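Peer 1: Got a structure for you, written out below as structure tokens; questions coming shortly.
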Amino acid sequence: MGVVISEFSPAFIEAFNGGAVLFQAGRFGEAAETFRRLAGEHPGVAALHGNLGLSLRAAGRPEEALEPLRQALRLRPAYPDALNALGGILLDQRNLDHALIAFQALVKLKHDYPGALLTLGNLFMFTGDGERARAAYRLAILAEPDIGTNYNNLGAVSLSLGHPHEAARQYRRALAIEVGKPEYRKNLGTCLLMAGDYPNGTVAYEGRLEQPVWRKRNMPGVLWQGQPLEGRTLLVHFEQGLGDSFQYIRYAGVLKRMGARVLYECQPALKRVLSTAPDLDGLFAFGEPLPAYDYHVSLMSLMHRLGTTPDTVPGGVPYLRAEPELAARWAERLDRLEDGRRPGLRVGINWHGNETGKSIPLECFEAMGRLPGVRLYSLQKVSGLDHLERLRDRVRVTELGSDFDAGPDAFLDTAAVMANLDLVITCDTSVCHLAGAMGRPTWVVLKWFADWRWMRDRLDSPWYPTMRLFRQATSNDWAEVMARVTADVAAEAAARAASPAGWEMPR
């Protein structure tokens, strides 16, 4: 915050310096009023408009700051502080295109402006240009080699571009600068897990538990870190999404064989569907009173504590099952929907997830819905139903009614329906984990840069033996991968039509 003020009056200089002092003291609103008055008296001075904008932004009034910053840049285009502040506000507003313009101008003007190249790289990441993001982060490292975030973000974009070994190297460089930082440890862990290095990956992934953003559980008692379990009670508690409970509840059997009495504290909505899991001595919804226990451990830490590798993933399938009476009721209901004419292939589809980039456009199921002998059933709940409304005339998919999984217990109907289907096709959501845990034939369609648990390049999963993985060939190209899925569905339907007796979906 500065300006050449020698040509101005002593009163102006005193007022200007007073505004600067107020700003430095954190009295941003008062500083803004000072610079607003001075800018009114001297409208041709870029620094006055710039300082007004900087003060308003610091005061938490970014909308008001926009016009003074723009005016400052009209008067002085080469104004780094104003470009940085304007770009930052636009970024906060998710106006990515204009923020990108601002930071490109800033980097061109002053490439070593603190944090500018890092932010430019972030903007390229946000707009899906990974190669330019990687170039920006590399330049950020040259400009500011002692900033761990530069290496961390280069690691992230390298991983997203399919270079896990380079990513691991960058995460380790970040950790050399900020030793032990939980975010960097967790990121290194996901990178190594994706590459199949579970022995090192599970150790580093424990860093997630120390991240400030993590919903950390301060459980009373002793953390289990491998102590003998014979005759002891171990409380395992959930930590992340619903699908994680489906995936990792299998560890109860391992713990049981080690002599433990196993308790699991789950998400309340999952208590009933998880009640079919074997080897649990107690199942409790979060918020319910817990009995006494000797040790506690977070669910996903069991990978590390039990030394899991891709070759030693525990538990066969199924280890979760639909409730028999409910499955029977849905069998009758599906038969009525089909007027007693069972199709050759019943396919349940789930196309929409809550995370960016995971969802399959419903349009991509249009050709599949028209295949002879194939009937699609919607397993979608809540999000994504607007797509069905919009495309109902194009995509032939049978809806299961407003009462489908409408109660307080999640996935009960989903499990019962899946027990009556021949195949489940889904994106990366909780549905795929439940289907896999139930041992149902399941095809998961993955975005090009998928979650670490699906590893890289594999078309199967060590976690679910009845699962096939279909990966995008190029980023964001759902049409191509879904064309392959549709072709395979057509082949399965044709095979079943050719020999219906004793036919079984290939695993």
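The values are calculated or read from the model by the stated rules, or taken from the named source; none is laboratory data. The structure displayed is predicted, hence computed values, not measured ones. Reconstructed Cβ throughout: ideal geometry from the backbone, glycine too, with neighbour counts over all protein chains shown.
Peer 1: Considering only residues that are touching an Asp or Glu at 6+ places or on another chain (Cβ under 7 Å) and among the small types (Gly, Ala, Ser), look in region 266-321 and name the one that is farthest from Arg453 (Cα to Cα).
Peer 2: Ala269
Peer 1: Another question, if that's okay. All but one of (1) outside any helix (DSSP H, G or I); (2) under 24 Å from Gly18 (Cα atoms) hold for Glu67; state the number of the condition that does not hold.
Peer 2: All conditions pass for Glu67, except number (1).
Peer 1: Out of all the residues in region 455-468, which are over 21 Å from Leu376 (Cβ atoms) and in contact (Cβ under 8 Å) with a residue 60 or more places away in the chain? Break it down into steps so the answer makes sense when it comes.
Peer 2: Applying the first criterion (over 21 Å from Leu376 (Cβ atoms)) to region 455-468 yields 455-465.
Residues satisfying the conditions are Met455, Arg456, Pro462, Trp463, Tyr464, Pro465.
Peer 1: Here's a follow-up. Which ones in region 144-158 are assigned to a helix (DSSP H, G or I) and among the aliphatic types (A, V, I, L, M)? Lay out the reasoning, then the answer.
Peer 2: Kept after step one, since they are assigned to a helix (DSSP H, G or I), are these residues of region 144-158: 148-158.
Selection gives Leu154, Ala156, Val157.
Peer 1: Going through region 34-57 one residue at a time, which ones are part of a loop (DSSP other than H, G, I, E, B) and not β-branched (Val, Ile, Thr)? Can you show your working first?
Peer 2: Taking region 34-57 first, the residues part of a loop (DSSP other than H, G, I, E, B) are 42-45.
Of everything in region 34-57, those that are part of a loop (DSSP other than H, G, I, E, B) and not β-branched (Val, Ile, Thr) turn out to be His42, Pro43, Gly44.
Peer 1: When the residues of region 136-161 are filtered to those that are among the small types (Gly, Ala, Ser) and closer than 19 Å to Phe449 by Cα, which remaining residue is surrounded by the fewest Cβ atoms within 10 Å (Cβ to Cβ)? Break it down stepwise before answering.
Peer 2: Of region 136-161, the ones among the small types (Gly, Ala, Ser) are 136, 140, 143, 148, 155-156, 158, 160.
Now narrow it down to the ones that are closer than 19 Å to Phe449 by Cα: 155-156, 158, 160.
Details: Gly155: 26, Ala156: 23, Ser158: 23, Ser160: 17.
Of everything passing the filter in region 136-161, Ser160 is surrounded by the fewest Cβ atoms within 10 Å (Cβ to Cβ).
Peer 1: Is it the case that some residue within region 478-492 is among the β-branched types (Val, Ile, Thr), out of contact with any Cys (no Cβ under 7 Å at 6 or more places or on another chain) and surrounded by fewer than 14 Cβ atoms within 10 Å (Cβ to Cβ)?
Peer 2: Among the residues of region 478-492, not one is among the β-branched types (Val, Ile, Thr), out of contact with any Cys (no Cβ under 7 Å at 6 or more places or on another chain) and surrounded by fewer than 14 Cβ atoms within 10 Å (Cβ to Cβ), which makes the answer no.
Peer 1: Based on what the data block shows, is Leu123 without any contact (Cβ under 8 Å) to a residue 60 or more places away in the chain, under 16 Å from Arg70 (Cα atoms), surrounded by 19 or more Cβ atoms within 10 Å (Cβ to Cβ) and in the same structural domain as Tyr171 (by TED's automatic domain parsing)?
Peer 2: No; evaluated as a whole, the condition is false for this residue.
Peer 1: Give region 428-442 a look and list any residue that's crowded, with 22+ Cβ neighbours inside 10 Å and of a type outside the set (Asp, Glu), or say none.
Peer 2: Result: Thr429, Ser430, Val431, Cys432, His433, Leu434, Ala435, Gly436, Ala437, Met438, Arg440, Thr442.
Peer 1: Right, something else. Given the conditions (1) in contact (Cβ under 8 Å) with a residue 40 or more places away in the chain; (2) in contact with a strand residue (DSSP E or B) (Cβ under 8 Å, 6 or more places away or on another chain), report the number of the one that Leu280 does not fulfil.
Peer 2: Here Leu280 clears every test but (1).
Peer 1: Now for a separate question. In contact with a helix residue (DSSP H, G or I) (Cβ under 9 Å, 6 or more places away or on another chain) and assigned by TED's automatic domain parsing to the domain that holds Tyr264, is that true of Gln240?
Peer 2: yes
Peer 1: Next question, about the same structure. How many of the residues making up region 112-125 are more than 12 Å from Asn153 (Cα to Cα) and in a helix (DSSP H, G or I)? Walk me through it before giving the result.
Peer 2: Step one: list which residues in region 112-125 are more than 12 Å from Asn153 (Cα to Cα), which gives 112-116.
Within this subset, residues satisfying the condition of being in a helix (DSSP H, G or I) are 116.
Final tally of qualifying residues: 1.
Peer 1: Next question, about the same structure. Every residue in region 358-399 that is polar (S, T, N, Q) and either farther than 22 Å from Ala493 by Cβ or without any contact (Cβ under 8 Å) to a residue 40 or more places away in the chain (or both), please.
Peer 2: Ser359, Ser378, Gln380, Ser383
Peer 1: May I ask you to list the residues in region 145-166 that are closer than 21 Å to Leu446 by Cα and at pLDDT 95 or above?
Peer 2: Selection gives Ala156, Val157, Ser158.
Peer 1: Further question on the same structure: Listed residues Lys358, Lys381; which is touching a Cys at 6+ places or on another chain (Cβ under 7 Å), surrounded by fewer than 23 Cβ atoms within 10 Å (Cβ to Cβ) and either small (Gly, Ala, Ser) or modelled with pLDDT under 95 (or both)? Write out each step before concluding.
Peer 2: Details: Lys381 fails: touching a Cys at 6+ places or on another chain (Cβ under 7 Å).
None of the others qualify; the one that does is Lys358.
Peer 1: For Leu52, all conditions in the list (1) out of contact with any Pro (no Cβ under 7 Å at 6 or more places or on another chain); (2) surrounded by 16 or more Cβ atoms within 10 Å (Cβ to Cβ); (3) closer than 24 Å to Ala102 by Cα hold save one; what is the number of the exception?
Peer 2: The one condition Leu52 does not meet is (1).
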